[in-house]
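The structure under discussion appears below in the form of structure tokens.
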Amino acid sequence: LSESLKLAVAGVGNNISALLQGVQLYRRMLDEGVAEDRLPGVTRSRIGGLRVCDVDFVAAFEVDQHKVGKDLSEAILTGPNNYPLLGGPVQWQDVAVRHGIRDDAPGARRTVAEELRASGAEVLLYSLPTGLQWAAEEYARSAAEAGVAFVNCTPESIARSPEFTELFAAVGAPLVGDDLASHLGSSVLHRSLLRLFADRGITLRSSYQLNFGGNEDFRNLRERGGSKRQSKLNALAQDGVDLAAVEIIPSAGYVPQLGDHKVAMLNVEGVGWGNTPVELDLKLKVQDSSNAAGVIIDLIRIAAAARRSGITRFPAAAARVLKSPPGGHRAYGAEAIRRSELELEPFDVETSGR
Ligand SMILES: NC(=O)c1ccc[n+]([C@@H]2O[C@H](COP(=O)([O-])OP(=O)(O)OC[C@H]3O[C@@H](n4cnc5c(N)ncnc54)[C@H](O)[C@@H]3O)[C@@H](O)[C@H]2O)c1
């Protein structure tokens, strides 16, 4: 088997709780004899030889005083995190959550870089609240200083920035982002509906997407939703949709009763034959942070596999699970993705004997 992916995380919120608990749950299922291609909710059983359970958490950075100093296994269950317990106690990780980079003390970058190096991390997963461009840059520079791959879960512009692309190419580490497209989230669903209308010859007149939920992400996005709104529009821009007809509200409300659930209301209105109306209203309800973790698991494995095979340019295989990849989605046709996946394949052959 290939060696486990050594993962560092910046921000110990719901995404990390969902990721860590999911990794642990799937490890248990595999130990109990569930076949690796039968794991529920897993898109790809292996990427670069890595199974979904082949992740070791080696470092974590936070600024919330209730989380700093705790073991990662306890910090993920500390409020305001509200992702549920996935059946069973969380295993002790032996990873103490460390002080992260604050806006009033950005000098911490060097310390984070040193800690990344000392931890042996291969990938730094950036999972802070949306809207902190300065923080995304500071953590990305820390990763580059340590020669560690960087995965950006947020809409902040890092992988799309030529400056950061050059920086990561110079240090020989992959840069993956920006903004993950959730497993079955409002972006992918909205995009599919708009494409369906277009495919069936219904002329789009207007459409909107309202999202609300009861976790910190929705509380934060009420105030800092600008970059998320743009990133969600980027995700729809893939099929020549008339974006002027579309409105997106990343957080139409913080509703504590929903806990870590997200609700999306999608509306699409158009006209068909004879200029007569067609209207569609759809409600999606999902476990919000599972929806993120189901995609993060692919992004971090792609980043690690690329780093291990010495690929430093943006791995096209990541584009379909991102809202805002560098150059936009149109830059990644089926052929580019196929080639990029082939590049990661040798690991599968070497390590799994298939
Ligand atoms: N489906 C999804 O959940 C989804 C989809 C796409 C993108 N995202 C994005 O992923 C990010 C993380 O989501 P989440 O639900 O885990 O958020 P969260 O609010 O639960 O967690 C963010 C964590 O970052 C910590 N933090 C804040 N400033 C920090 C700093 N300077 N250094 C270190 N840590 C800091 C916070 O204390 C918190 O623990 C958000 O930006 C969200 O928009 C989520």
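Matching residues to (1) polar (S, T, N, Q); (2) under 27 Å from residue 134 (Cβ atoms); (3) modelled with pLDDT of 95 or more:
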| residue | (1), (2), (3) |
| --- | --- |
| 208 | no, no, yes |
| 212 | no, no, yes |
| 216 | no, yes, yes |
| 219 | no, yes, yes |
| 224 | no, yes, no |
| 233 | no, yes, no |
| 240 | no, no, no |
| 247 | no, no, yes |
| 251 | yes, yes, yes |
Given the conditions (1) at pLDDT 95 or above; (2) away from the ligand (no atom under 14 Å from the Cβ); (3) part of a loop (DSSP other than H, G, I, E, B), which single one is not true for residue 310? (1)
Of the residues in the range 1-20, those that are within 15 Å of residue 287 (Cβ to Cβ) and open to solvent by 10 Å² or more (accessible area, probe 1.4 Å) come to 13, 14, 15
Filtering the range 87-113 down to residues that are surrounded by fewer than 16 Cβ atoms within 10 Å (Cβ to Cβ), closer than 24 Å to residue 154 by Cβ and not basic (Lys, Arg) yields 103, 104, 105, 106, 107
Confirm whether residue 217 is within 11 Å of the ligand (Cβ to nearest atom) and at positive phi. no
Considering only residues that are closer than 30 Å to residue 84 by Cα and open to solvent by 30 Å² or more (accessible area, probe 1.4 Å), look in the range 232-257 and name the one that is farthest from the ligand (Cβ to nearest atom). 257
In the range 147-169, what residues are over 18 Å from the mean Cα position of the chain (by Cα) and touching a residue at least 24 places away in the same chain (Cβ under 8 Å)? 147, 164, 165, 167, 168, 169
Does residue 263 satisfy the condition of being in contact (Cβ under 8 Å) with a residue 24 or more places away in the chain and away from the ligand (no atom under 11 Å from the Cβ)? yes
So the check is Cβ under 7 Å with 6+ separation or different chains; which pairs have a first residue in the range 223-239 that's of a type in the set (A, V, I, L, M, F, W, C) and a second one that's surrounded by fewer than 18 Cβ atoms within 10 Å (Cβ to Cβ)? 233/243; 236/243; 237/243; 237/328
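The values are calculated or read from the model by the stated rules, or taken from the named source; none is laboratory data. Please read these numbers as outputs of a predicted model, since none were measured by experiment. Here Cβ is always computed from backbone atoms with ideal geometry, including for glycine, and neighbour counts include all displayed protein chains. Surface areas here come from the heavy atoms of the whole protein model, side chains and all, with no ligands, DNA or RNA. Shrake-Rupley method; radii C 1.70, N 1.55, O 1.52, S 1.80 Å.
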